[in-house]
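Asker: Here you go, one structure.
Coordinate-derived values only; no laboratory data. Since we're looking at a predicted model, the values are computed, not measured. Cβ sites come from the backbone with ideal geometry, for glycine too, and all protein chains shown count toward neighbours.
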């Protein structure tokens, strides 16, 4: 059919149809690229047909873009040619100048900006409908698409990194990226979101960050009189107690109170019988990451471990419950109320024991004191001062105003802290 034989009205209708087709290709391209790959895979597992077709097309994005661009450019150039013919018919020689400008504005508004904006906002409905056209069109134009992709890939090959991996690798997330997704892109209850973030943080926290320090270990000194030991067992708030001789470095075992419950009423237990009921102590290095220690507890079937430094000295105790609390939060309803080292004051400040653990303070008060170096408040202040103060003083660390109140035995015992406004 000769274009000259077509009426101007017919040509205008054809141009309008081509504009619509161009809008389809532009919107489809944006929608396919904007699809959430993880939600797409979830829908594929659910048996969604449109999602399955989209997933197949996205496995070879070069071919998908090839067929879209072939269709889009073919439509655009055809529409531009027909618009020029119309311009000449309606405006004469001036139409040669006006037609390209007019068709460019029409394509920008109706075939580019508008459809791509809609597709970016609602990618799934558009993409899952578009695939029913794109898939057969790809099969129809496959030889042309293959030729164009092969030629273009040959041209860009020198500019691509040699270690380019597959799509599965490109879609993978690092721990930091996953943390951002959980923090900003996942619709979860706040508690569930917090638990997921805590799990991701396990590899950045070591057992010495959460352990009960050596000075706070409650244990049984086997050299004590048996009556005192039995009284300690009867009043203990812990289910497992370390048993040692003279000092905690000379560990003899770990005692589960359930094993000695039947002896407590009769008071006939001897030290030898007590030692027979203990388990071998389980030691872990202080730098062990929490996610590793959680696996080790499961593998060794243990619930308590003695934390030692590089010289083999006991630095503290870590339990399975300590690690679980890092994930799910404290098992108590009011964490701050259960930390005796923190005493709120009427002026909004807090009196805090110098040996209080920084992570516990942050969690109780919602603060963000630095935790990368020293573990205790005393250690943080000493590191900042680079000396042991001879008398009380005031200082500022980040957003926190700190006043030392008591210095004894080379330790800052009590400090007053408030957050700067």
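Asker: Can you compute the label reach from residue 256? Point 7 Å from Cα along the Cβ direction, backbone N cut-off under 11 Å, restricted to the range 193-219.
Answerer: none
Asker: Another one. Which angle from 0 to 90°, rounded to the nearest 10, does the C-alpha axis of helix 95-106 make with the longest principal axis of the chain?
Answerer: Orientation of helix 95-106: about 30 degrees from the principal axis.
Asker: Using only helices, what value at 222 nm comes out for the chain when you add -39,500 (n - 2.57) per DSSP H run of length 4 or more and divide by the total residues, to the nearest 500 deg cm²/dmol? Don't skip to the answer; put the middle values down first.
Answerer: Numbers: 19 runs with 217 residues, N = 421.
The per-residue figure over the chain is -16000 deg cm²/dmol.
Asker: If you don't mind, there's one more thing I want to ask. Got a sec? How would 160, 275 order by Cβ neighbour count within 10 Å, fewest to most? Each step should come with its number before you reach the end.
Answerer: Values: 160 9, 275 14.
Result, fewest neighbours first: 160, 275.
Asker: Using only Cα atoms and rounding to the nearest 10 degrees, what angle (0 to 90) does helix 290-300 make with the longest principal axis of the chain?
Answerer: The two axes meet at around 60 degrees.
Asker: Taking 8 Å as the Cα distance limit and 6 or more residues as the minimum spacing, I'd like the relative contact order of the range 217-280 as a percentage. Mind dumping the intermediate values first?
Answerer: Details: 81 pairs, mean separation 20.1, N = 64.
Contact order relative to length: 31 percent.
Asker: For Cα pairs less than 8 Å apart in space and 6+ apart in sequence, what is the mean separation divided by the residue count of the range 336-419, i.e. the relative contact order in percent?
Answerer: Details: 125 pairs, mean separation 23.8, N = 84.
Reported as a whole number, the value is 28 percent.
Asker: Based on other C-beta atoms within 10 Å, arrange 52, 130 from fewest to most. Can you show the working numbers first?
Answerer: Values: 52 17, 130 24.
In order of increasing Cβ crowding within 10 Å: 52, 130.
Asker: If you take the beta carbon distance between residue 227 and residue 401 as r and set R0 to 35 Å, what does 1/(1 + (r/R0)^6) give as a FRET efficiency, to the nearest 0.05?
Answerer: About 0.10, to the nearest 0.05.
Asker: Rounded to the nearest 0.05, what FRET efficiency do residue 49 and residue 173 give with R0 = 22 Å and r taken as the Cβ-Cβ distance? Could you check?
Answerer: Values: r = 27 Å, r/R0 = 1.24.
For R0 = 22 Å, the calculated efficiency reads 0.20.
Asker: For the chain, calculate the relative contact order in percent as a whole number, restricting contacts to Cα pairs under 8 Å that are 6 or more residues apart.
Answerer: Numbers: 498 pairs, mean separation 44.3, N = 421.
Relative contact order, the chain: 11 percent.
Asker: Report, in degrees rounded to the nearest 10, the 0 to 90 angle that the Cα long axis of helix 61-91 makes with the longest principal axis of the chain.
Answerer: Here the helix axis deviates by roughly 40 degrees.
Asker: Rounded to the nearest 0.05, what FRET efficiency is calculated for residue 62 and residue 420 with R0 set to 56 Å and r the Cβ-Cβ distance? Could you put the intermediate results ahead of the total?
Answerer: Numbers: r = 56 Å, r/R0 = 0.99.
Once the sixth-power term is evaluated, E becomes 0.50.
Asker: Rank the residues 375, 190 as a footprinting-exposure proxy: fewest other Cβ atoms within 10 Å of their Cβ go first. Numbers along the way, then the final one.
Answerer: On the way: 375 21, 190 7.
The order, fewest Cβ neighbours first, is 190, 375.
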